[in-house]
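Structure first, commentary second.
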Amino acid sequence: MTLRILWLSDKIYGGYSAYSKVTYESCTRLAKLGHKVAHIPMSRANLMGKHVHDGVFVYGSGNDPWGEDVAVNHYVDWRADMLITLKEPWAFNTIQNYAINFVPYAIIDHSPVSPSITSRLNTAFKVLAPSRFAQRELKTAGIENVAYMPHGVRTDLYRPLEGHKEDCKKQWFLDPDDFTVLVVTMNRIRKMNPRAFRGYKRFLELNPDVKSHLVFWGDMQPRQGGEATEGPIGLGVSDVGVNLLPEVMSLGLGESIRWPDRSMMAEGIPEWAGEDYVGGWDMVKLYNAADVLLFCTGGEGFGMPLIEAQACGVPVVATDYAAGPEQVGEGLTVKADDYVIINTPGVRRALTSIDGMAEALTKIMNADRSKMARRARRFAERYSWENVVDRYYKPFLDAAEEELKPLVTKEGTKTWA
C-alpha cells in the first residue's frame, strides 16, 4: 500500500508546538510505513527550498503564513493523493475550493462548533478529528466522513523518572516537599491563565500551611505582533497575549508563582536532554518535578500537556468542556461556571469554577499520588504513537486507498496493493 501524502502544518523540525510534534511523528512514521510523504511548513518557516528530512520531502513555505499560495502547486508537483492540513480550519480561505483531495485535521475546541469551521469542511474528501468530542460535534453539524485520529505522545520519552523526583524538583529550584502545581500553556486569552492563577490562590487560602508553588511554563508577557488572525478570520482578543505580571502581583502571588526567562521560552527546551539533573533542562524533567498539572483553559481541541503529564505519572486537572474530559484518565475535571464569547467567530470559551479548581487541587494533594502515578501512566500509554499508527492511521489510509485506487473484481472492490 502506497499513498502520496502532502502534509501542511507547523514546521517539521526546530519547532516546539504541539502541531510541530504531531507533524514530525505523523510524517516520519507514515513514511516508514512505505507512503510517500511531503510537508509544507507554515509561517514561512522554510525559505531554503526543497530538501529531505528524516525520509520526508520538505517543500518551500511560500509567502502566505498558512501556505495557501503554494499548497496547490506543491500538491500537483508531488502528484499527491491527499492534502492533510493540521491547523484550525478557519485558517484557510481558498484550499477548500480547489479540486483536490482535501483532508483537514479539524481542531474543535468549543461547542456548538462554529460555522466558520463547518463552512470550510463541506468539500473535504475526509475529515480527521483528534477527539471523540470533535467527531460528535462535526457529525451533529452535518459533516460526514469524520474519522477519529487522536494525537500521539512519545511514551518512550515522556515517562516517570523513577527515583529522580527530588532531583527534578531541585533542578527547577523547588524543595523536595513542595507541592508543585504545573501550568503548561500559551499566553493567549482563550487559555484563561489569570483564572487558573485565581484557582491556585483559592487553593492556598484553603490550605494555608501547605508549602507549594505554581510553575507557569509559558510567556508571562505577550509576544510582539498585535492581534492574531487565522487566515481571513480576525480572532479579536481571543488569541492576543496579555501581560500577566500585574495580575500575579495584584493577587499577591509574586512569591508563589515561578516562570521562565523570556529567552528560554523563545528558544524552547528539548523534550529530553538526557540524564543530566543539573543543567539538562527539558520537558520530561519539568513534568516529573510536578505533583499535578493544572490545565483549566477555555477549551481544548486536544490537550497535549494532559497526555504528556500523565505519561510522566502526573495527575491532571482540566476543564469539563470540549475535548478536555476525554484526555483525563487520572485526575479530575472541573465544571465551568459560565462561558464568554471573546473572538470574531463567536465561539464559547469556558470559565472554569475557581472554587472547583481549588478543591480539585486539594483532593489530589491529599490522595495517594503513587497510585495515581501508576494509573496515569497506564492511561497515557493508549496514546503512544505506536498505538495511534496501528489502530487509527493504518485503517484510515487502507480505506482511503481503496476509495482512491479501487480494484474492481467479481469478488468485490479492493485496493491494488
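When the pairs Lys165/Lys371; Lys126/Lys191; Lys11/Lys32; Lys191/Lys335 are compared against a 26 Å limit on Cα-Cα distance, Lys126/Lys191 fall above it.
Its relative contact order, with pairs defined as Cα atoms under 8 Å and 6+ residues apart, puts the chain at 15 percent. All C-alpha pair distances within the range 285-417, sorted into 10 Å bins from zero, spread as 12, 31, 23, 17, 11, 5, 1 percent across the bins. According to the calculation over all Cα-Cα pairs in the range 165-382, the P(r) per 5 Å bin from zero is 1, 7, 15, 19, 21, 18, 11, 5, 2, 0, 0 %. Ranked by how many other Cβ atoms sit within 10 Å of their own Cβ, fewest first, the residues Phe203, Phe57 fall in the order Phe57, Phe203.
Over the chain, the alpha carbon radius of gyration divided by the compact-protein estimate 2.2 N^0.38 Å works out to 1.00. In plain terms, the residue of Thr344, Thr2, Thr409 with the fewest other Cβ atoms within 10 Å comes first and the most crowded comes last, giving Thr409, Thr2, Thr344. In order along the range 267-281, phi translates into HN-Hα couplings of 7, x, 10, x, 5, 8, 10, x, 7, 10, 9, 10, x, x, 5 Hz, rounded to whole numbers, per the Karplus curve 6.51 cos²θ - 1.76 cosθ + 1.60 with θ = phi - 60° and x for Gly and Pro. When each of Ser119, Ser61, Ser43, Ser384 is scored by the number of other beta-carbon atoms lying within 10 Å, the sequence from fewest to most is Ser119, Ser43, Ser384, Ser61. Sorting 76-89, 356-369, 315-328, 267-280 by average packing, meaning the other beta carbons within 10 Å per residue, from highest down gives 315-328, 76-89, 356-369, 267-280. Taken over the range 161-230, the ratio of Cα radius of gyration to 2.2 N^0.38 Å equals 1.38. Helices in the chain, meaning DSSP H runs of at least 4 residues, each add -39500 (n - 2.57). Divided by all residues, the mean residue ellipticity at 222 nm is -8500 deg cm²/dmol.
One chain, two ends: Leu206 and Lys50. Fully extended at 0.36 nm per residue, the span grows by 50.4 nm beyond their Cα-Cα distance. Distance between the C-alpha centres of the range 103-177 and the range 22-46: 18 Å, rounded to the whole angstrom. Ranking Thr333, Met220, Gly279 by Cα position along the charge dipole of the range 165-382, where only Lys, Arg, Asp and Glu carry charges on their C-beta atoms, puts Thr333 farthest toward the positive end. Packing, taken as the mean count of other beta carbons within 10 Å per residue, orders the peptides 136-149, 299-312 from highest to lowest as 299-312, 136-149. The range 359-384 and the range 274-294 have Cα centres separated by 17 Å.
Here, each number is a calculation from the coordinates, and none is a lab measurement. None of the values given here were measured: they were computed from a predicted structure. Heads up, the Cβs are rebuilt from the backbone with ideal geometry, glycines too, and the neighbour counts pull from every protein chain shown.
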